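Trainee: I have a structure I would like to understand better, so I am pasting it below and will then ask my questions one at a time.
The values are calculated or read from the model by the stated rules, or taken from the named source; none is laboratory data. Being a predicted model, the structure only gives us computed values, none of them experimental. Heads up, the Cβs are rebuilt from the backbone with ideal geometry, glycines too, and the neighbour counts pull from every protein chain shown.
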Amino acid sequence: MVNKIRVGIIGAGVWGYQHARAFSERNDVEIVGIVGRTEEKTRKRAREFNVPYFLNIQNMLKEGKPDLVDVCLPGQQTFKPLKQLLEAGVPVMTEKPLTYNMEEARELVRIAEKKKLFFAIDFNHSCSEAVGMAKRDIEEGRLGEVIFAEWHFAQAGEFPMSHPYLAIIEAQCHGLDMMEYLCGPISSVYADMTDMTGKGSYTTFSLSLRFKAGGVGTFLGSFDSSDNYDCVQEVRINGTKGTISIKNNTRKYIFQEKNSKIANVWKPGIFDDNGGCFGKNIDRHIDKMLEAFKKGDKPPIPAERGLRALETAWAAISAFESGRRILL
């Protein structure tokens, strides 16, 4: 391909590396620079991919002239860079969450809509092969109407908690998005949360959900568990015609019809490093995202989904603080 898509990356951390790796492995992309906050770390990351490094976004835009910029920063640090890029008319892909602040998130979406910009967000949980199978079976009517759904994601959280509601906004936004992606809009939420482990944040919480279509849901998120346990993350959806189960996002998918004693099971083989690897979810997302970008279509996962997940998170926070169910 002669005319490669020029991509700039903002963020030299763990997920910044995964994004840079995924883009660097494509023959239709040229990484024009990596932007970071500290020179030593950013220079080291840029050397890994043999690309320029920058400590200033404007310099990267001026010298790199990217067609698309990928923002891989913690959610409390995304607003200013995203606003700068969107106001400059630059198409953007960003890591989740969109921001922590509702007004900031709405402002970003408004700017992108006004300028008619491509604005994508990386909810990579929804890009696994197993979730794709679930989405297909639901859309084809094999599940029937959703009666109840369950989300469970209990992991370790051995890092500083910089916000009292970090767990639900930063990490569990994946689940809030996933519940609506598979089951339709959430119409109301009630919440319980605990800070009993003394990490300075509400690190474990449970939600009671009601879906607009009539079904109900339960949601458990935690930073007080272990990544080494047997099933850290699971989605279960029970419909009028059957049931779905997704285990550890990339490890197993099960569909069983209501009146059948036999279940259909998918799980990646021992040498399937693509289907069974969570890190490859970003590759699957970038495949679809760049296909849409080239065609001038909307992103497969638009920033509006990030706004919606944040709205749901803050509704849950309001439910917890007020002790009442909150309508969405």
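Trainee: Check the stretch 316-326 and report whether any residue there is of a type in the set (D, E, K, R), in contact with a helix residue (DSSP H, G or I) (Cβ under 9 Å, 6 or more places away or on another chain) and within 19 Å of I186 (Cβ to Cβ).
Mentor: yes
Trainee: What are the residue pairs meeting all of these: first residue in the stretch 79-101, first residue outside any loop (DSSP other than H, G, I, E, B), second residue among the hydroxyl-bearing types (S, T, Y), Cβ atoms under 8 Å, and 6 or more apart or on different chains?
Mentor: F79/T99; L82/T94; L82/T99; T94/T78; E95/T78
Trainee: H152: under 23 Å from G276 (Cα atoms) and surrounded by fewer than 21 Cβ atoms within 10 Å (Cβ to Cβ), yes or no?
Mentor: Here the answer is yes, as H152 does meet what is asked.
Trainee: For residues that are in contact (Cβ under 8 Å) with a residue 60 or more places away in the chain and of a type in the set (D, E, K, R), scanning just the stretch 102-140, find the one that is nearest to P164 (Cα to Cα).
Mentor: This residue is R106.
Trainee: Name the residue that is farthest from E140 (Cα to Cα), counting only residues in the stretch 181-191 that are in contact (Cβ under 8 Å) with a residue 40 or more places away in the chain and out of contact with any helix residue (DSSP H, G or I) (no Cβ under 7 Å at 6 or more places or on another chain).
Mentor: Ranking the qualifying residues of the stretch 181-191, first place goes to S188.
The rows are residues; the columns are (1) over 17 Å from the mean Cα position of the chain (by Cα); (2) in contact (Cβ under 8 Å) with a residue 40 or more places away in the chain.
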residue: F211; (1), (2): yes, yes
residue: D230; (1), (2): yes, no
residue: Q233; (1), (2): no, yes
residue: N238; (1), (2): yes, yes
residue: I246; (1), (2): no, yes
residue: F278; (1), (2): no, yes
residue: K288; (1), (2): no, yes
residue: P299; (1), (2): no, yes
residue: A303; (1), (2): no, yes
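Trainee: Please go through the stretch 250-269 and give me each residue that is surrounded by fewer than 17 Cβ atoms within 10 Å (Cβ to Cβ), touching a residue at least 60 places away in the same chain (Cβ under 8 Å) and touching an Asp or Glu at 6+ places or on another chain (Cβ under 9 Å), ordered by number.
Mentor: Correct list: W266 only.
Trainee: Residues in the stretch 144-155 that are touching a helix residue (DSSP H, G or I) at 6+ places or on another chain (Cβ under 6 Å) and either within 17 Å of R305 (Cα to Cα) or aliphatic (A, V, I, L, M) (or both): how many?
Mentor: Residues in the stretch 144-155 being touching a helix residue (DSSP H, G or I) at 6+ places or on another chain (Cβ under 6 Å) and either within 17 Å of R305 (Cα to Cα) or aliphatic (A, V, I, L, M) (or both): 2 in total.
Trainee: Filter the stretch 252-288 for residues that are over 19 Å from A149 (Cα atoms) and touching a Pro at 6+ places or on another chain (Cβ under 9 Å) and give the result.
Mentor: Across the stretch 252-288, the qualifying residues are N274, G275, G276, C277, H285, K288.
Trainee: Return a yes/no flag: does the stretch 282-300 have any residue that is crowded, with 21+ Cβ neighbours inside 10 Å, in the same structural domain as H19 (by TED's automatic domain parsing), more than 17 Å from L98 (Cα to Cα) and touching a helix residue (DSSP H, G or I) at 6+ places or on another chain (Cβ under 8 Å).
Mentor: There is at least one residue in the stretch 282-300 that is crowded, with 21+ Cβ neighbours inside 10 Å, in the same structural domain as H19 (by TED's automatic domain parsing), more than 17 Å from L98 (Cα to Cα) and touching a helix residue (DSSP H, G or I) at 6+ places or on another chain (Cβ under 8 Å).
Trainee: Out of all the residues in the stretch 52-100, which are surrounded by 18 or more Cβ atoms within 10 Å (Cβ to Cβ) and modelled with pLDDT under 95?
Mentor: Within the stretch 52-100, just G75 meets the criteria.
Trainee: Of all residues being among the acidic types (D, E) and within 24 Å of T250 (Cβ to Cβ) in the stretch 113-149, which is surrounded by the fewest Cβ atoms within 10 Å (Cβ to Cβ)? Just the residue, please.
Mentor: Filtering the stretch 113-149 for residues that are among the acidic types (D, E) and within 24 Å of T250 (Cβ to Cβ), the one surrounded by the fewest Cβ atoms within 10 Å (Cβ to Cβ) comes out as E140.
Trainee: Part of a strand (DSSP E or B), touching a residue at least 40 places away in the same chain (Cβ under 8 Å) and under 21 Å from the mean Cα position of the chain (by Cα), is that true of H152?
Mentor: Criteria met by H152.
Trainee: Of all residues being assigned to a loop (DSSP other than H, G, I, E, B) and of a type outside the set (S, T, N, Q) in the stretch 186-209, which is nearest to I326 (Cα to Cα)? Just the residue, please.
Mentor: Within the stretch 186-209, the match that is nearest to I326 (Cα to Cα) is Y202.
Trainee: Hey, another quick one. Tell me, which strands (runs of 3 or more DSSP E) lie completely within the stretch 216-328 with 1 or more residues that are hydroxyl-bearing (S, T, Y)?
Mentor: 216-222, 242-247, 252-257
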